[in-house]
Amino acid sequence: CTDSKVYAEASEQLHKLQPSAFSAYSLAQLFVKRNDFSKAASYYQQAINLDSIPEQKANYYYELAIISGTKLGQLSAARTYALKAAELKKGWGKPYILIGQLYAQSAKDCGEDAYYQSLVYIAAVEKFITARSIDSDVTDEANKLIASYSAMFPTKEDMFFHGDTEGKSYTIGCWINETIKIKVR
């Protein structure tokens, strides 16, 4: 019944008459299930604007970050939403895990060659380390991701041939715009 078009239309009409964070969030979830991510994002924004409970807003921001980054391709916005979620819910590592994963998925698009692309993984791993350091609930996941993506760091040879040294600062461009210290495998 909740998957029907009539249910969605009735829910939207009810929300227009009596808007609440709960109804906006419910509609966001409904449209995620229907793969209408733009509409879902709009309802997540409404839920954020209508709710006054920081932890709830954090959850809405986090879910909005997921669909913005993974379904709508809005990577910068996804990072902003994830950071707002982390700000509202102190000690929550999942938003940093998400940011790290978005960085890692962008590596091929954020560097002029394989060496510079491999530096993106350093930024990703730094987010996983942050997540692990503030939230013991994500330690296992963070450790797996750190192990996986650390293996993609540049080699000493690649670093040498690009005229870099370990520990040198490098600013990753693209949408990431973060400065890292060069590390090797």
Legend entry - Residue in region 130-162 that is modelled with the lowest pLDDT, counting only those that are in a helix (DSSP H, G or I) and aliphatic (A, V, I, L, M): M159
Legend entry - Residue within region 45-55 that is of a type in the set (D, E) and either more than 18 Å from G73 (Cα to Cα) or part of a helix (DSSP H, G or I) (or both) present: yes
Legend entry - Yes/no for L75 being in contact with a Pro (Cβ under 7 Å, 6 or more places away or on another chain) and at negative phi: no
Legend entry - Out of K90, K127, sole residue that is modelled with pLDDT of 95 or more and either in contact with a strand residue (DSSP E or B) (Cβ under 7 Å, 6 or more places away or on another chain) or assigned to a helix (DSSP H, G or I) (or both): K127
Inset, instruction - Please state which one of Y81, Y103 is over 30 Å from M159 (Cα atoms) and among the aromatic types (F, W, Y). - result: Y81
Legend entry - Residues that are surrounded by fewer than 19 Cβ atoms within 10 Å (Cβ to Cβ), of a type in the set (A, V, I, L, M) and under 22 Å from P95 (Cβ atoms), drawn from region 111-131: I129
Inset, instruction - Collect the residues in region 97-124 that are small (G, A, S) and either outside any helix (DSSP H, G or I) or within 16 Å of the chain's Cα centre (by Cα) (or both), keeping them in residue-number order. - result: G100, A104, S106, A107, G111, A123, A124
Legend entry - Among the candidates I134, I182, I172, residue that is open to solvent by 50 Å² or more (accessible area, probe 1.4 Å) and in contact (Cβ under 8 Å) with a residue 40 or more places away in the chain: I134
Inset, instruction - Taking T165 as meeting all but one of (1) at pLDDT 95 or above; (2) open to solvent by less than 50 Å² (accessible area, probe 1.4 Å); (3) outside any helix (DSSP H, G or I); (4) more than 22 Å from V32 (Cβ to Cβ), write down the number of the exception. - result: (2)
Inset, instruction - Among the residues of region 13-70, write down those that are touching a Ser or Thr at 6+ places or on another chain (Cβ under 9 Å), open to solvent by 70 Å² or more (accessible area, probe 1.4 Å) and farther than 23 Å from A86 by Cβ. - result: L14, K33
Inset, instruction - Find all pairs meeting these conditions: Cβ atoms under 6 angstrom apart; at least six residues apart or on different chains; first residue within region 33-56 and within 14 Å of I67 (Cβ to Cβ); second residue not in a helix (DSSP H, G or I). - result: F37/K71; F37/L72
Inset, instruction - Look through region 3-32, keep the residues that are free of Cβ contacts under 8 Å to residues at least 24 places away in the same chain and not in a helix (DSSP H, G or I), and return whichever of them is nearest to K71 (Cα to Cα). - result: S4
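The values are calculated or read from the model by the stated rules, or taken from the named source; none is laboratory data. Please read all numbers here as calculations on a predicted model, not as lab measurements. Cβ sites come from the backbone with ideal geometry, for glycine too, and all protein chains shown count toward neighbours. Ligands, DNA and RNA are excluded from the accessible area calculation, which covers all protein heavy atoms including side chains. Shrake-Rupley method; radii C 1.70, N 1.55, O 1.52, S 1.80 Å.
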